[in-house]
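Here the structure is laid out as structure tokens; the discussion comes afterwards.
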Amino acid sequence: MTLAEAPRATLYRSVCDTLKREIDRGRFADTEILPGERELSQILDVSRTTLRRAIGELVAEGVLYHRHGAGTFIRRALPRVDQPMSRLTGFTEDMRLRGLTAGSRELERGMFLPTPEEAMMLGVSPSERIVRLSRLRLPSTVPKAIEHAVEPHRYIGEPNAIGASLYDALEAHNFKPVRALQRLRATLLADADAKLLGVEPKSPALYIQRIAYLADGRCVEFTRSYYRSDTYDFVSELTLSPAMRKNRN
Ligand code: 16G
């Protein structure tokens with residue numbers, strides 16, 4: 001059925017669906033601006049009134065937006081990733097679960113003596129060697145986060161032997177963490193970090209600290225990360241405490 005043959009009441013809905021599909025398929029990928037009304041109504045073979053109604057609907061849905069005096073534009077939002085707060089997974093595993101391939105650009109890798117903060121967080125003596133691995137995490141071409149990970153050398157081994165995944169390397173040594181404490185707050189990116197993440201200087205970001213432990217309570221990881229705030233949603237599940245649940249029964 002062509003658009004022109006669809007029943008009148010549903011015609012503008014069909015136009016909405018067609019436009020959304022064409023945008024998803026990358027039909028207007030080389031431009032952000034939607035073609036003019038006359039051209040578009042010819043392409044879709046519908047009246048300009050129907051087209052206007054469909055565009056209004058897509059503006060309300062946030063797919064398109066009007067810019068005064070400039071035309072109608074396609075909102076090209078970056079795909080957001082919903083990240084559950086309660087599951088202890090690594091970045092590579094997270095991406096794998098979503099059918100994406102994790103990529104990284106290495107910023108620093110090596111064996112060092114810990115700073116006082118690192119020694120305190122990891123619970124190691126100031127003379128114990130630690131491994132630092134800092135990476136820009138890129139599940140696609142869009143950088144998502146900067147991660148500065150630190151682990152005691154005795155759990156992770158030689159820095160150069162770590163492959164694409166830190167957690168896979170810890171698992172290979174039988175030291176994969178089973179529990180972690182995570183702290184998250186809003187921050188503004190320093191200029192160098194903003195440049196790495198491909199955003200404007202002083203853009204907002206999520207700063208996350210993770211301290212991860214083995215089953216016996218020894219600490220294996222202290223990681224500081226800066227997540228681009230426009231690409232991640234952290235999701236937490238909230239449940240009633242067991243006592244409250246009992247009172248309700
Ligand atoms: C996640 C963790 C990070 C961990 C990394 C390991 C958060 C906030 N951070 O990004 O602490 O070091 O995964 O990922 O979730 P990998 O196994 O891909 O190296």
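The values are calculated or read from the model by the stated rules, or taken from the named source; none is laboratory data. All values derive from a computational prediction rather than experimental measurement. Note that each Cβ is placed from the backbone with ideal geometry, even for glycine, and that neighbours are counted across all protein chains shown. SASA here: full protein model, heavy atoms, side chains in, ligands and nucleic acids out. Shrake-Rupley method; radii C 1.70, N 1.55, O 1.52, S 1.80 Å.
Checking every residue in region 110-124 against the condition of being open to solvent by 40 Å² or more (accessible area, probe 1.4 Å) and touching a helix residue (DSSP H, G or I) at 6+ places or on another chain (Cβ under 7 Å) gives at least one match.
Candidates are the residues of region 153-164 that are among the small types (Gly, Ala, Ser) and either away from the ligand (no atom under 12 Å from the Cβ) or within 17 Å of the chain's Cα centre (by Cα) (or both); the one that is least open to solvent (accessible area, probe 1.4 Å) is GLY157.
When region 181-226 is filtered for residues that are surrounded by 14 or more Cβ atoms within 10 Å (Cβ to Cβ) and over 20 Å from ARG135 (Cα atoms), the ones remaining, listed by number, are TYR213, LEU214, ARG218, CYS219.
Determine, yes or no, whether ARG135 is near the ligand (Cβ under 10 Å from one of its atoms), open to solvent by 10 Å² or more (accessible area, probe 1.4 Å) and at pLDDT 95 or above. First the steps, then the outcome.
On the way: near the ligand (Cβ under 10 Å from one of its atoms): yes; open to solvent by 10 Å² or more (accessible area, probe 1.4 Å): yes; at pLDDT 95 or above: yes.
In short, yes.
For residues that are assigned to a loop (DSSP other than H, G, I, E, B) and surrounded by fewer than 13 Cβ atoms within 10 Å (Cβ to Cβ), scanning just region 86-97, find the one that is farthest from the ligand (Cβ to nearest atom). Here the answer is SER86. Where strands (runs of 3 or more DSSP E) fall entirely within region 166-241, those with at least 3 residues that are touching a residue at least 24 places away in the same chain (Cβ under 8 Å) and near the ligand (Cβ under 10 Å from one of its atoms) are at 179-188, 204-213, 219-228. Among the aliphatic types (A, V, I, L, M), within 13 Å of the ligand (Cβ to nearest atom), within 18 Å of the chain's Cα centre (by Cα) and open to solvent by less than 60 Å² (accessible area, probe 1.4 Å): does that describe ILE146? Considered against the rule, which asks whether it is among the aliphatic types (A, V, I, L, M), within 13 Å of the ligand (Cβ to nearest atom), within 18 Å of the chain's Cα centre (by Cα) and open to solvent by less than 60 Å² (accessible area, probe 1.4 Å), ILE146 comes out as yes.
Rundown of residues vs (1) small (Gly, Ala, Ser); (2) at pLDDT 85 or above, yes/no style:
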position	(1), (2)
ALA9	yes, no
ARG13	no, yes
LEU19	no, yes
THR31	no, no
THR49	no, yes
ALA54	yes, yes
GLY69	yes, no
ARG75	no, no
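The condition (being of a type in the set (Gly, Ala, Ser) and over 26 Å from the mean Cα position of the chain (by Cα)) is satisfied by just one residue among ALA186, ALA194, ALA172: ALA172.
Based on what the data block shows, is GLU128 away from the ligand (no atom under 14 Å from the Cβ) and open to solvent by 70 Å² or more (accessible area, probe 1.4 Å)?
Details: away from the ligand (no atom under 14 Å from the Cβ): yes; open to solvent by 70 Å² or more (accessible area, probe 1.4 Å): no.
Spelling it out, it is not the case that GLU128 is away from the ligand (no atom under 14 Å from the Cβ) and open to solvent by 70 Å² or more (accessible area, probe 1.4 Å).
Would you say GLY110 is under 28 Å from the mean Cα position of the chain (by Cα), over 22 Å from PHE234 (Cα atoms) and assigned to a loop (DSSP other than H, G, I, E, B)? So GLY110 fails the test. Screening PHE234 with (1) more than 19 Å from the chain's Cα centre (by Cα); (2) within 17 Å of ARG87 (Cβ to Cβ) gives one miss only, at (1). Only a single item in (1) closer than 26 Å to ALA190 by Cα; (2) near the ligand (Cβ under 9 Å from one of its atoms); (3) modelled with pLDDT of 95 or more is not met by SER104, and it is number (3).
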